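Working notes, structure below.
The values are calculated or read from the model by the stated rules, or taken from the named source; none is laboratory data. Owing to the predicted nature of the structure, the values given are computational and were not obtained by experimental measurement. Cβ sites come from the backbone with ideal geometry, for glycine too, and all protein chains shown count toward neighbours. Ligands, DNA and RNA are excluded from the accessible area calculation, which covers all protein heavy atoms including side chains. Shrake-Rupley method; radii C 1.70, N 1.55, O 1.52, S 1.80 Å.
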Amino acid sequence: GDAFMEACLDCDIVLTTYTLSHLDETELAAIEWESICLDEAQNIKNAYTKQASSIRTLQGRHRIALTGTPIENRLTELWSIFDFLNPGYLGTLREFTHRYVNAIERTQDAELIAKVQRLIRPFLLRRVKKDPSIQLDLPDKYEYKSYVSLTTEQASVYENYIRDMFERLDKLTAMERRGLILAALTKLKQICNHPGLIESGKAARLSWRHRSNKVERLIEMVHELRQEGDKCLIFTQFVETGYLLQQALGEEFG
């Protein structure tokens, strides 16, 4: 409400999210902003979503969109971003689709592609990661894969899970089979991380030691890094794996 507007007067920058843009639309649209900056602007690529519609209602003197993927699937995604940046510049969505999208996506008409490029070029600042003017001085990326075997417990759980899945597949419809297989892939990944991840309750995490060669190898790698004075970031797809690693690393390294 009014408190939001008062709070904004004391701030240089207000950060929000795409999800909140339509939930807080009334408050955000009540202020004329100096600048509205969209990071990962492909989030408004679909002109018909609530968040894209809400963001287009915001009032601001300057508008900036940052994105590494201005077009992911269809040319209309470019229109949606430009309709935020410079409303009306590319016409209505129907006009843009009729004039450019249909012909370009159907025939790759080089003349029309060049015309769209000429229209948008004055508003683009583009860079590539290897651009010498950026001078990020990033080191080269090296990838190493570390292969580890399953423990006897993991192999047994893995095998039993697959056997159980195949027994259930024959009794399901085609759509149900797809769902079961997708769910199974997730479970099998978790078993490969640590067998305790598919057990219920916190007790499964408490007994993390000597049950997963993958976790043991990770602990070794962190030991090696810390001896050299290095730091690391560890990524995982699963929240429960994160909790397990949090506990394991806390116990090992404080």
- Note on the structure: Expected single match for closer than 28 Å to Arg127 by Cβ and of a type in the set (Ser, Thr, Tyr) among Thr97, Thr57, Thr19, Thr76 is Thr76
- Would you be able to tell me the number of residues in the range 25-60 that are in a loop (DSSP other than H, G, I, E, B), loosely packed, with under 14 Cβ neighbours inside 10 Å and without any contact (Cβ under 8 Å) to a residue 12 or more places away in the chain? 1
- Name the single residue, out of those in the range 87-127 being in a helix (DSSP H, G or I) and of a type in the set (S, T, N, Q), that is surrounded by the most Cβ atoms within 10 Å (Cβ to Cβ). Thr97
- Within the range 201-254, work out how many residues are over 25 Å from the mean Cα position of the chain (by Cα), in a loop (DSSP other than H, G, I, E, B) and within 18 Å of Tyr158 (Cβ to Cβ). 4
- Query: Given (1) modelled with pLDDT of 90 or more; (2) open to solvent by 50 Å² or more (accessible area, probe 1.4 Å); (3) over 22 Å from Gln246 (Cβ atoms), where does Pro132 come up short, assuming only one miss?
  - Reply: (1)
- Message: If I ask for residues that are assigned to a helix (DSSP H, G or I) and of a type outside the set (Gly, Ala, Ser), which ones from the range 61-86 would you list?
- Response: Thr76, Glu77, Leu78, Trp79, Ile81, Phe82, Asp83, Phe84, Leu85
- Message: When the residues of the range 162-178 are narrowed to those that are exposed (fewer than 12 other Cβ atoms within 10 Å of the Cβ) and not aliphatic (A, V, I, L, M), which ends up nearest to the chain's Cα centre (by Cα)?
- Response: Arg178
- Can you name the condition, by its number, that His22 falls short on among (1) assigned to a helix (DSSP H, G or I); (2) modelled with pLDDT of 90 or more? (2)
- Could you tell me whether the range 128-148 includes any residue that is in a helix (DSSP H, G or I) and within 30 Å of Ile198 (Cβ to Cβ)? no
- Filter the range 145-158 for residues that are out of contact with any Phe, Trp or Tyr (no Cβ under 9 Å at 6 or more places or on another chain) and open to solvent by less than 80 Å² (accessible area, probe 1.4 Å) and give the result. Ser146, Val148, Ser149, Thr151, Glu153, Gln154, Ala155, Ser156, Val157, Tyr158
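Every residue, every condition in (1) surrounded by fewer than 12 Cβ atoms within 10 Å (Cβ to Cβ); (2) of a type in the set (Phe, Trp, Tyr); (3) on the phi > 0 side of the Ramachandran plot, yes or no:
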| residue | (1), (2), (3) |
| --- | --- |
| Asn160 | yes, no, no |
| Arg211 | no, no, no |
| Met221 | no, no, no |
| Gly229 | yes, no, yes |
| Cys232 | yes, no, no |
